Amino acid sequence: MAFEFKLPDLGEGLTEGEIARWLVSEGQEVAEDDPLVEIQTDKTTVEIPSPAAGKVARILVAEGDVVPVGTVLIVIGEDGAAPTDEGLHEELVASPSDVTRGQTPDSGPRGRVRATPLVRRLAQELGVELEGLEGTGPQGRVTDDDVRHAAASRGQTPDLSEGRREPLRGVRRLVAEHMARAHREVPPVTWVEECDFGSVELKRLVPTVLKAVAESLKEFPELNSRLEDGEIVYLDRYDLGVAVQTDQGLVVPVVRGCDKASLDELANEVDRLAEAARSGTLKPEELRGSTFTVTSAGKLGGLLTTPIVNHPEVAILSIGRVAERPAVRDGQLTVRPTGTIAITFDHRVVDGARAAEFGLAVIGRLERSA
């Protein structure tokens, strides 16, 4: 008997996932709990084991496709039977409201085009009517390339035959979607000031900043909050995200309890999370629930940056490049290790004066640290 495996609910309110990589192929024998597929969510990449033993009869969703929770991904079983009408057609290529339970693949609603929610959104943005398009994807599904070519044929987008094309996939796609959402929803303002880092051990710059930020957030609770359904939710925990650049893209693991941890504990945890991020071994829970984010590009940071708020947070702090620069102290010209601290904040929740006071509080703690 064939076993149909559907994209499971991975928690945290996630409604869809990208097939990052198949770990099996059609015709291959798999045992129960063997690695089956890697799923990329908007938080991390999750390896899912096989729930059943048998021969892989059919792989129904290609790598790079984004499908809703409940989509039949693969059929395991010697007979190679196709998925049931209910399992295959309920969620294969449309959102839950797109099809009717029990329909066969060729008997969908009149004029209904097979396409993922992301493709439908792209078509809406480009003003392309999906009805009438001939899909080139599996089972005649309309792909994003189909939509873009249709838009290009009407002169709405540049000629897609130019240059090398590479699909926006994995972490890069998720970062793009996350940043676009933050840019759409958050009215950002950035405040910048210089900081004398002479009292900071630069090898432990990030954990030192995390400690200063956590202590300052207690004085300015609106920066440690989120906006939900017209209400400001003030959070009483200080779990700070740290942006880490990896070969796959930017990820933001979370350092828990930054207000209670010692500097040594923070340094060890930052190092551990950064190494796990670069090796791709972060656990899903290590990427969830941050209340505020700190980012630093080190020597590549430039004089200052204006980062995008990590939605649903309401503020983010960035550290500019620290270098020896001229400074005036007590009327005398001297050279000090100087950098910038920038606070980008959601102006719906945080007033400019409060953001500035928060930034100065962080700088004060850094300049007094020893």
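Observations, loosely collected:
- Options V255, V244: the member that is closer than 27 Å to Q40 by Cβ, in contact with a Leu (Cβ under 8 Å, 6 or more places away or on another chain) and modelled with pLDDT of 95 or more: V255
- Under the condition of being at pLDDT below 85, aliphatic (A, V, I, L, M) and under 16 Å from I48 (Cα atoms), the residues counted in region 1-19 number 2.
- Test result for R278, farther than 23 Å from A212 by Cα and either in a helix (DSSP H, G or I) or of a type in the set (S, T, N, Q) (or both): yes
- Where strands (runs of 3 or more DSSP E) fall entirely within region 306-348, those with at least 2 residues that are basic (K, R) are at 323-329.
- Enumeration of residues in region 267-296 that are touching a residue at least 60 places away in the same chain (Cβ under 8 Å) and of a type in the set (A, V, I, L, M): A267, V270, L282, L287, V294
- Complete set of residues in region 293-308 that are at pLDDT 90 or above and among the hydroxyl-bearing types (S, T, Y): T293, T295, S296
- Among the residues making up region 260-285, those that are closer than 22 Å to V200 by Cα and touching a Leu at 6+ places or on another chain (Cβ under 8 Å) are L266, V270, L273.
- Conditions (1) modelled with pLDDT under 90; (2) open to solvent by less than 20 Å² (accessible area, probe 1.4 Å): number failed by H311: (2)
Here's the yes/no breakdown for (1) surrounded by fewer than 14 Cβ atoms within 10 Å (Cβ to Cβ); (2) in a loop (DSSP other than H, G, I, E, B); (3) at pLDDT 75 or above:
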{"site": "A123", "(1), (2), (3)": "no, no, yes"}
{"site": "V128", "(1), (2), (3)": "no, yes, yes"}
{"site": "Q139", "(1), (2), (3)": "yes, no, no"}
{"site": "D146", "(1), (2), (3)": "no, no, yes"}
{"site": "H149", "(1), (2), (3)": "no, no, yes"}
{"site": "V171", "(1), (2), (3)": "no, no, no"}
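- Note on region 30-68: residues that are open to solvent by 30 Å² or more (accessible area, probe 1.4 Å), farther than 14 Å from P8 by Cα and of a type in the set (A, V, I, L, M, F, W, C) amount to 4.
- Residue list for region 201-237, restricted to those being aliphatic (A, V, I, L, M) and either open to solvent by 70 Å² or more (accessible area, probe 1.4 Å) or free of Cβ contacts under 8 Å to residues at least 24 places away in the same chain (or both): L202, V233
The values are calculated or read from the model by the stated rules, or taken from the named source; none is laboratory data. Predicted, not measured: the structure shown is a model, and the values here were computed from it. Note: ideal-geometry Cβ built from the backbone for every residue, glycine included; neighbour counts use all protein chains shown. Surface areas here come from the heavy atoms of the whole protein model, side chains and all, with no ligands, DNA or RNA. Shrake-Rupley method; radii C 1.70, N 1.55, O 1.52, S 1.80 Å.
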